[in-house]
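Visitor: This is the structure, below, for whatever I ask next.
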Amino acid sequence: MKPEQILDEIRGNFSGGQRRRFLPGLAIALMGFLRELGATNGRFKTLEAFHEVYPRLQKAGGKSLNTLAVMRPTGEMLTIRGFYDRAANWFREGNQRFDYPSAAPHATQAWGDYLHWIEAMLAFSDEDLSALQSEIEGFVLAELPSHAVDPAKVIRKPPRFLWFLEQFDLSAQKGETTGAAYQGTVFGYIRADAPHLQVEVGKVRTGSKREKRVGDIDARDGADLVLSAEVKQFALGTGALPDLAEFANLIATHKALGLVVALEFEPGAAAAIEAMGLQPLSRKDLIERVRIWDPLKQDIAMNAVLYYVSFREQSSPLYKRVKGFLEAIDTPRDSSTANTPPDDASGDV
């Protein structure tokens, strides 16, 4: 039997009726197994002569062996399993041919159907075996599609809302209403984090009662209030707690989740807010939550911020600053800086 006949048999079974796609790996495993034992180049005239030096093992640890295993003269066992694993991994992980079967137990127990291969390989030179292995590998790579991903073609969207929370200057600029930037930011956060709810928001300094809301931002399931947030664009201290008493009572009445979202909290304020049955959230808390958001969810939040400043707050200066921040983020940059916000993305204009 010649090497090309083994290759023809592999080709015929790879996509034929038997669909023995594991045969390339099995052939490579058998070649590696015999070469490891120094049993090639015509050292043994027959398979029987081979087994006189390397007796076949049919049991190990009291269990039957379905794979090909032999005993070395040193008393050590050698099987074809490791050689098959390496061949399969070369196709799968090494060359991203993930359609190649990795079922090593099934593949390696079929060795008994290919005794004619083993006898032929005993007579082949190492050069013939290397050439045959290359032919087999080339055949499989040509037959199976590559699942490799070209990193150069992967465009990773930046975490826009995270960078906005971290970098955007929330202080009111000329022509802007104090508190509008942070209220829009919190609205964007809730809109993206609770897409199953109807989220309502008003302009800053517009009474919630007048618009039949409980807090600055309400989120409802139909007519039922699920979540409501009071937004404070300052460091909230215990002196501001009386102003939250009515909000806390309404939250308790509706049995909803009440959020108090401030830039930060002075000592003791967060604990006092929790004692009122509300949940304090700082800008830092929002950043840590958004850090694990995927880019699409972050885009939803940013789109909601743009909606708020343009149509709810109707603030052209603030809208211009937010748009300028996003344009700085979205400007194409080289890959070494793609995961960090640009230096000029503060939102200042």
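Visitor: Please enumerate the residues belonging to the range 139-176 that are polar (S, T, N, Q) and in contact with a helix residue (DSSP H, G or I) (Cβ under 8 Å, 6 or more places away or on another chain).
Guide: Passing the criteria: 167, 171, 173.
Yes/no per residue for (1) within 16 Å of residue 184 (Cβ to Cβ); (2) of a type outside the set (A, V, I, L, M):
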residue	(1), (2)
206	yes, yes
220	no, yes
223	no, no
226	no, no
273	no, no
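Visitor: Tell me, please, whether a residue that is under 44 Å from the mean Cα position of the chain (by Cα) and closer than 14 Å to residue 108 by Cβ can be found in the range 3-20.
Guide: Among the residues of the range 3-20, at least one is under 44 Å from the mean Cα position of the chain (by Cα) and closer than 14 Å to residue 108 by Cβ, which makes the answer yes.
Visitor: Kindly evaluate residue 100 against the criterion of being closer than 21 Å to residue 138 by Cα, hydroxyl-bearing (Ser, Thr, Tyr), surrounded by 12 or more Cβ atoms within 10 Å (Cβ to Cβ) and at pLDDT below 95.
Guide: Here the answer is yes, as residue 100 does meet what is asked.
Visitor: Oh, and also: So is residue 312 closer than 17 Å to residue 166 by Cα and charged (D, E, K, R) or not?
Guide: no
Visitor: So, in the range 44-69, exactly how many residues are within 15 Å of residue 81 (Cβ to Cβ) and either in contact (Cβ under 8 Å) with a residue 24 or more places away in the chain or hydrophobic (A, V, I, L, M, F, W, C) (or both)?
Guide: Residues that pass the stated criteria total 7.
Visitor: To continue, here is another question. Regarding residue 129, is this residue hydrophobic (A, V, I, L, M, F, W, C), buried (at least 21 other Cβ atoms within 10 Å of the Cβ), out of contact with any strand residue (DSSP E or B) (no Cβ under 7 Å at 6 or more places or on another chain) and not assigned by TED's automatic domain parsing to the domain that holds residue 288?
Guide: Yes: the conditions hold for residue 129.
Visitor: Evaluate the range 310-321: report whether one residue or more is of a type in the set (A, V, I, L, M, F, W, C), under 31 Å from the mean Cα position of the chain (by Cα) and surrounded by 16 or more Cβ atoms within 10 Å (Cβ to Cβ).
Guide: No, there is no match, as no residue in the range 310-321 is of a type in the set (A, V, I, L, M, F, W, C), under 31 Å from the mean Cα position of the chain (by Cα) and surrounded by 16 or more Cβ atoms within 10 Å (Cβ to Cβ).
Visitor: Let me spell it out: the conditions are (1) part of a helix (DSSP H, G or I); (2) without any contact (Cβ under 8 Å) to a residue 40 or more places away in the chain, and residue 38 meets all of them except one. Which number is the exception?
Guide: (1)
Visitor: Would it be correct to say that residue 264 is charged (D, E, K, R) and part of a helix (DSSP H, G or I)?
Guide: no
Visitor: Test residue 296 against the stated conditions and say whether it is more than 15 Å from residue 165 (Cβ to Cβ) and assigned by TED's automatic domain parsing to the domain that holds residue 165.
Guide: The answer is yes for residue 296.
Visitor: Failed condition for residue 75, given (1) part of a helix (DSSP H, G or I); (2) farther than 29 Å from residue 14 by Cβ; (3) of a type in the set (Gly, Ala, Ser), with all others met?
Guide: In the conditions (1) part of a helix (DSSP H, G or I); (2) farther than 29 Å from residue 14 by Cβ; (3) of a type in the set (Gly, Ala, Ser), residue 75 misses (1) alone.
Visitor: Here is a follow-up. Considering (1) in a loop (DSSP other than H, G, I, E, B); (2) buried (at least 18 other Cβ atoms within 10 Å of the Cβ); (3) in contact (Cβ under 8 Å) with a residue 12 or more places away in the chain, say which one residue 172 fails and leave the rest.
Guide: Of everything listed in (1) in a loop (DSSP other than H, G, I, E, B); (2) buried (at least 18 other Cβ atoms within 10 Å of the Cβ); (3) in contact (Cβ under 8 Å) with a residue 12 or more places away in the chain, residue 172 misses just condition (3).
Visitor: Filtering the range 202-239 down to residues that are surrounded by 17 or more Cβ atoms within 10 Å (Cβ to Cβ) and small (Gly, Ala, Ser), which residue is farthest from the chain's Cα centre (by Cα)?
Guide: Selected residue: 208.
Visitor: Can I ask one more? Would you confirm, using the coordinates I've provided, whether residue 186 is under 20 Å from residue 318 (Cβ atoms) and touching a Leu at 6+ places or on another chain (Cβ under 8 Å)?
Guide: yes
Visitor: Counting only residues that are closer than 19 Å to residue 86 by Cα, assigned to a loop (DSSP other than H, G, I, E, B) and among the hydroxyl-bearing types (Ser, Thr, Tyr), how many does the range 125-162 have?
Guide: Residues that pass the stated criteria total 1.
Visitor: If only one of 46, 108, 74 is surrounded by 15 or more Cβ atoms within 10 Å (Cβ to Cβ) and of a type in the set (Ser, Thr, Tyr), which one is it?
Guide: Exactly one of 46, 108, 74 is surrounded by 15 or more Cβ atoms within 10 Å (Cβ to Cβ) and of a type in the set (Ser, Thr, Tyr), namely 108.
Visitor: Tell me, which residue of the range 41-72 that is in a loop (DSSP other than H, G, I, E, B) and of a type in the set (Ser, Thr, Tyr) is nearest to residue 94 (Cα to Cα)?
Guide: 67
Visitor: Output the residues belonging to the range 251-271 that are crowded, with 18+ Cβ neighbours inside 10 Å and in contact (Cβ under 8 Å) with a residue 24 or more places away in the chain.
Guide: 251, 256, 258, 259, 260, 261, 262, 265, 269
Visitor: Has the range 250-260 got at least one residue that is assigned by TED's automatic domain parsing to the domain that holds residue 304, among the charged types (D, E, K, R), under 39 Å from the mean Cα position of the chain (by Cα) and at pLDDT 95 or above?
Guide: Yes, the range 250-260 contains at least one residue that is assigned by TED's automatic domain parsing to the domain that holds residue 304, among the charged types (D, E, K, R), under 39 Å from the mean Cα position of the chain (by Cα) and at pLDDT 95 or above.
The values are calculated or read from the model by the stated rules, or taken from the named source; none is laboratory data. Since the model is a prediction, treat every value here as computed from it, not as a measurement. Virtual Cβ from ideal backbone geometry, glycine too; neighbours counted across all protein chains shown.
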